[in-house]
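The next block holds one structure in the form of structure tokens; read it before the comments.
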Amino acid sequence: MAGIRDVAREANVSIATVSRVINGSDKVSEETRKKVLRAMRKLNFRPKPYFGNNEVFFKTIGVLVPDIRGYHYSDIVMAIESCAFENGFDVILSIPKADIDNEKHILEKYFKRKIDGIIVAELLGGENYIEKFLKSGIPLVVLDFSVEEINFDVVNVDNMMGAYNAIKYLYENGHRKILFIPGPEWSPAANEREKGVKRFLESVDDLEIYYTNIRGYNSQDGKDAIFEYLTKNSLNFTAIFAVNDWTAIGAIDALRIKGIKVPDDVSIIGFDDAPFLDYIEPKLTTVRQPRWELGYTAAQILIERITSKRSRLPRNVVIPPELVIRESIKKLNEVVKK
């Protein structure tokens, strides 16, 4: 098995230089760093974590998700674990709870443990927080994160197109005044859905989109958003698009309390296709996220990156969502298709 001395010899650099590359140090030129990484790949050298006086190699993936309440990230994590188990890998799960400082702290711990690779969902701190991983050659896959330049492997659902299609469906059913309940500003996925709403709005000239001041992913956010909006405004919309199904459920409850019927008075559409939707009335029209495919694909790409001796360009995988039509949309008399 190749060691750090073999890598240094192959790359024609010192052992200290190889160590700096492994630890993501900035004190190495880009040319030298690439030369060392090429040597590591050629010799199939994997850095080992160091605990006390014993070196132990863990066939381990680190996974970082903002939350596992509900169903979205818990389903994704289960898919990651399934793929990892099939390939003989263990999973370490960390939850920063949508806190940037926690996220940075966890990533630092992951880096020090020298795990084989990492999957990060909703990278709140941006690309700067993963610079060490990129420089040291530790494989990394990011979920639910829109990037301009593809410097690492990315797996996303097309949130923008999903939201675009949701508004388009309401429009095709005659709705010209739509209330949008947006998601939290820290969430890249929520921001992409908001872009999808705006993109469709730009494509027509007879549509009005209203925004609630309260935003969020939870049922209480949806409920509070409707109460607050209707306190300040009349019922000036015929349909609601909620950033996710939990928020939609809260909005439906608020409408019920106000004596507003769904879909007779107001139509509503969500996002996610939550597993509990079969048990509510009316059954919610929504945009289905392929959660299992997201998690399994991310793990598959990461494991391929870890085990492959060949170098390849980073991949940007975008999985399309699916509009699921149920009972919560009323077709109005005036229907103009676009």
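The values are calculated or read from the model by the stated rules, or taken from the named source; none is laboratory data. Remember, it's a predicted structure, so these values are computed and weren't measured experimentally. Because the Cβ atoms are built from the backbone with ideal geometry, glycine has one as well, and the counts that use them run over all protein chains shown. For accessibility, only protein heavy atoms count, side chains too; no ligands or nucleic acids. Shrake-Rupley method; radii C 1.70, N 1.55, O 1.52, S 1.80 Å.
If you go through the range 224-245 and pick out every residue that is under 26 Å from the mean Cα position of the chain (by Cα), farther than 19 Å from Gly174 by Cβ and outside any loop (DSSP other than H, G, I, E, B), you end up with 4.
Scanning the range 224-242 for residues that are free of Cβ contacts under 8 Å to residues at least 24 places away in the same chain and open to solvent by less than 50 Å² (accessible area, probe 1.4 Å) yields a single hit, Glu228. Within the range 78-104, the residues that satisfy the criterion of being under 19 Å from Thr297 (Cβ atoms) and open to solvent by less than 20 Å² (accessible area, probe 1.4 Å) are Ala79, Ile80, Cys83, Ala84, Phe89.
Looking at Asp158, Asp153, Asp221, Asp245, can you tell me which residue is closer than 30 Å to Arg305 by Cα, open to solvent by less than 40 Å² (accessible area, probe 1.4 Å) and of a type in the set (D, E, K, R)? One residue alone meets the criteria, Asp153. Filtering the range 93-119 to residues that are more than 20 Å from Arg315 (Cβ to Cβ) and at pLDDT 85 or above leaves only Leu93.
What number of residues within the range 21-59 are touching a strand residue (DSSP E or B) at 6+ places or on another chain (Cβ under 9 Å) and either at pLDDT 80 or above or open to solvent by 20 Å² or more (accessible area, probe 1.4 Å) (or both)?
The total comes to 4.
Of the residues contained in the range 60-75, none is found to be part of a loop (DSSP other than H, G, I, E, B), open to solvent by 50 Å² or more (accessible area, probe 1.4 Å) and either at pLDDT below 70 or more than 30 Å from Gln289 (Cα to Cα) (or both).
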